[in-house]
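The values are calculated or read from the model by the stated rules, or taken from the named source; none is laboratory data. The model shown is predicted, which means the values in this text are computed figures rather than measured ones. Here the Cβ positions follow ideal geometry from the backbone for every residue, glycine too, while neighbour counts run over all protein chains shown.
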Amino acid sequence: MLNIQIFGTNKCRDTRAAQRFFKERRVAVHFIDLSEKPLSRGELNSIRSAVGLENLIDTEGKEYQRQNLKYQKYDIEQVLLDNPGLLKTPIVRFGPKATLGYQPDVWRKWLEAPQ
């Protein structure tokens, strides 16, 4: 049984596409809506080890612009824990592996690998 987690928001088009990708393949996913429940420090560390901390922050997003973070020095980890709206979504996690954004090619490989 695959244990796929999708972190994102219902407003995010790519998050909905990721959910649809797994639903079409009849793979149950655990969806965590970041607008309701932010990442815990442990979840962030797990994802960070797979994709890198700097890659998690959405520097092109509205929230990044709104907070004017481009011109500030800040602790990325703490900013992401305090404001999950700054995360690139969807974050799809499968055990120690994780992806950012819509990456169906990677997900297909996960599904094809023997369990």
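Descriptive notes on the structure:
- Screening THR59 against (1) in a helix (DSSP H, G or I); (2) under 15 Å from the mean Cα position of the chain (by Cα) leaves a single unmet condition, (1).
- Qualifying residue in the range 31-40 (condition: more than 18 Å from ASN10 (Cβ to Cβ), at pLDDT below 95 and hydrophobic (A, V, I, L, M, F, W, C)): no
- Number of residues in the range 12-37 that are under 13 Å from PRO90 (Cβ atoms), exposed (fewer than 12 other Cβ atoms within 10 Å of the Cβ) and more than 14 Å from the chain's Cα centre (by Cα) equals 1.
- There is no residue in the range 72-94 that is in contact with a helix residue (DSSP H, G or I) (Cβ under 8 Å, 6 or more places away or on another chain), loosely packed, with under 14 Cβ neighbours inside 10 Å and of a type outside the set (Asp, Glu).
- Yes/no for ILE6 being assigned to a strand (DSSP E or B), in contact (Cβ under 8 Å) with a residue 24 or more places away in the chain, over 16 Å from LEU111 (Cβ atoms) and among the β-branched types (Val, Ile, Thr): no
- Hey, GLY52 farther than 15 Å from ASP14 by Cα and either of a type outside the set (Phe, Trp, Tyr) or without any contact (Cβ under 8 Å) to a residue 24 or more places away in the chain (or both) or not: yes
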